[in-house]
Structure formats: C-alpha cells, structure tokens
Amino acid sequence: MRRDVCVVCPVHDERPFLEGFSRKLRGCFSGQVIFIDDGSGDGSGDLLRAMGDWRTAVIGHPRRLGYGAALLTGFREALGRGFRRIVTIDADLQHNPARIGRFARALDGRDAALGTRYPKGTAYAKAPGERLAVNRYAAGLLRVLFGVRFTDPFCGFRAYRDTFLREARLTEEGYGLGLEILLEIVRLGARFREVPVEAVYPHPGRRFLDGLDDPRRRLLHYLGVIARKRNEIEREHAPPG
C-alpha cells in the first residue's frame with residue numbers, strides 16, 4: 001500500500017524535533033513524505049533537505065503563510081504526484097508515525113479518517129484545560145448544527161482520499177483548516193471514520209500563532225469558520241426560488 005500513500009507534514013520552526021521525528025517516521029514508513037517548511041526561521045528546511053533522500057520532498061514557503069496554507073500546499077503536491085491516500089501528521093512528536101498504516105487502511109470504503117484523542121467523548125487528564133474546553137465546545141456545536149458527531153475537531157493526524165480533496169472547497173490558511181475540512185465532509189456527505197490516537201502533549205507550553213493563543217480569540221476564529229461554511233451549505237441546499 002505504501003506506493004499509494006503519501007505523508008504530508010507541515011513544519012514551522014520545528015528543528016529541535018526533526019531528527020527524532022524523522023527517525024521514528026522512517027522506522028515505520030518507507031513511502032513518499034512531503035514536508036512543507038512554512039517560512040521557518042530556525043533552519044528547519046535546511047535540516048530536512050540534509051536528512052532527506054529520494055523519498056522525501058521539501059517545499060519551502062518564502063515566509064510563514066499559516067498551518068492551513070502549508071497543508072494546502074502539501075495536498076496540491078501529493079495530488080499532482082498521483083497519490084490516492086494522503087496522511088497528515090505533525091512533526092513535533094505529538095503524533096506517533098507508527099499509526100500511519102492504520103490511517104491509510106481506515107480509508108478502505110471511506111473518504112476520510114480522522115484522528116481522535118477523545119474517543120466517544122472521553123477527556124484525557126493530559127489535555128490542557130483550555131484546549132479541551134475549546135475542542136468540546138466546537139464538537140458540541142457541530143453536533144447541534146449539523147447532526148454529525150466529531151469527537152476531536154482539531155486533531156491534525158488524519159488521512160484523506162484524493163477524490164475527497166479534489167472535490168472539497170478549502171480556503172482556510174490558518175488553524176481553521178482542520179475545522180473547514182470537517183464542514184466539507186458535512187457538505188459533501190463524505191464517509192468518514194474516527195481513529196483513536198494517543199493523547200500526547202509533549203510541549204504543553206507551546207503557543208498558538210496569529211494572535212490565537214488567547215482561547216477566547218481562538219474560539220471566536222473557529223466560530224467564524226463555522227458560520228461561513230454553514231452559510232455556504234444552507235445556500236447550496238436552499239430550494240430554488
């Protein structure tokens with residue numbers, strides 16, 4: 001299956017973690033990996049190129065465009081190379097690369113496989129309180145508005161079919177992209193499965209960028225994404241006239 005699977009990994013100032021992450025990744029996955037260096041200022045891109053081989057591509061943004069923009073660049077590159085299953089993973093050791101195969105297999109008969117640190121709504125003691133609160137609020141709102149249960153709207157460990165990514169309308173360049181993808185699953189009626197993953201927070205003090213470190217501002221940003229996509233969905237399904 002590895003010839004069919006591509007791993008997409010956004011990177012911004014992750015140099016301290018890259019050697020350990022790459023070692024773990026290549027210990028369990030021998031296929032194509034696409035790193036997107038999103039304007040790092042710490043030499044992350046240079047290190048990735050030095051460590052890479054023919055199975056590794058490193059695409060650099062000249063300046064930081066955002067987490068979502070990095071993923072969108074990775075999606076375009078993976079689709080352009082003809083891969084049919086695209087797995088997204090973060091490089092900060094929060095995600096276990098040994099689970100990549102599980103995500104790829106979870107796409108059998110489905111359009112998306114979504115990592116969840118809170119299967120069946122379980123709360124983990126390791127989860128930072130404000131992050132868990134924002135996550136649960138967003139999950140509850142999606143359930144009320146759309147009748148679809150996503151237990152972890154913001155886990156970045158996921159996998160998608162190429163057909164879904166080609167059809168999805170994705171424009172969010174920041175942290176809201178993961179949420180926008182869920183709303184595209186709703187809009188398209190896409191088939192998905194949740195895949196339990198470890199709740200690992202190796203760097204609990206790491207900050208959100210783009211002024212979103214304040215959980216209230218971050219929640220307002222996410223609510224804006226939900227409102228915009230809800231309007232799109234309602235307009236698309238409105239009866240003619």
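Only the coordinates and a few stated rules stand behind these numbers; no lab work does. Predicted model, so just to flag it, every value in this text is computed and none were measured. Cβ sites come from the backbone with ideal geometry, for glycine too, and all protein chains shown count toward neighbours.
Arrange the peptides 134-143, 23-32 so that the one whose residues have, on average, the most other Cβ atoms within 10 Å appears first.
Working: 134-143: 17.5, 23-32: 15.3.
Listed from highest to lowest mean packing, they are 134-143, 23-32.
For the range 123-188 and the range 40-85, compute the distance between their C-alpha centroids and round to whole Å.
That distance is 22 Å.
If r is the Cβ-Cβ distance from W54 to A238 and R0 is 41 Å, what FRET efficiency results, to the nearest 0.05? Mind dumping the intermediate values first?
Details: r = 50 Å, r/R0 = 1.22.
It comes out at approximately 0.25.
Once you charge only the Cβ atoms, +1 for Lys and Arg and -1 for Asp and Glu, what is the size of the charge dipole of the range 94-180 about its Cα centre, to the nearest 20 debye? Numbers along the way, then the final one.
Details: 15 positive and 9 negative charges, 90 e Å.
The dipole of the range 94-180 has a size of about 440 debye.
Modelling each spin label as a point 7 Å along the Cα-to-Cβ direction, I'd like the R76/L141 distance in nm, to one decimal.
Output for this residue pair reads 2.9 nm.
About the Cα centre, and with charges only on the beta carbon of Lys, Arg (+1) and Asp, Glu (-1), how big is the dipole of the chain? Nearest 20 debye, please.
Values: 41 positive and 30 negative charges, 157 e Å.
With only Lys, Arg, Asp and Glu charged at Cβ, the dipole is about 760 debye.
Assuming 0.36 nm per residue, please report the length gained on full extension of the stretch T163 to E19 beyond their Cα-Cα distance.
Using 0.36 nm per residue and subtracting the Cα-Cα distance, I get 48.6 nm.
May I ask for the equivalent-ellipsoid semi-axes of the range 132-172, computed as the square root of five times each C-alpha gyration tensor eigenvalue and listed largest first in whole Å? Walk me through the numbers on the way to the answer.
Numbers: eigenvalues 98, 33, 18 Å².
For the range 132-172, the ellipsoid semi-axes come out as 22, 13, 10 Å.
Please quote Rg/Rh for the range 2-236 to two decimal places, taking the Kirkwood radius as Rh and restricting both calculations to Cα atoms.
0.93
Per the helix-only calculation at 222 nm, which mean residue ellipticity applies to the chain, given -39500 (n - 2.57) for every DSSP H run of n ≥ 4 and division by its residues, nearest 500 deg cm²/dmol?
Numbers: 8 runs with 100 residues, N = 241.
Computed mean residue ellipticity for the chain: -13000 deg cm²/dmol.
Using 7 Å Cα-to-Cβ label points, what is the L223/R63 separation (nm, one decimal)?
3.1
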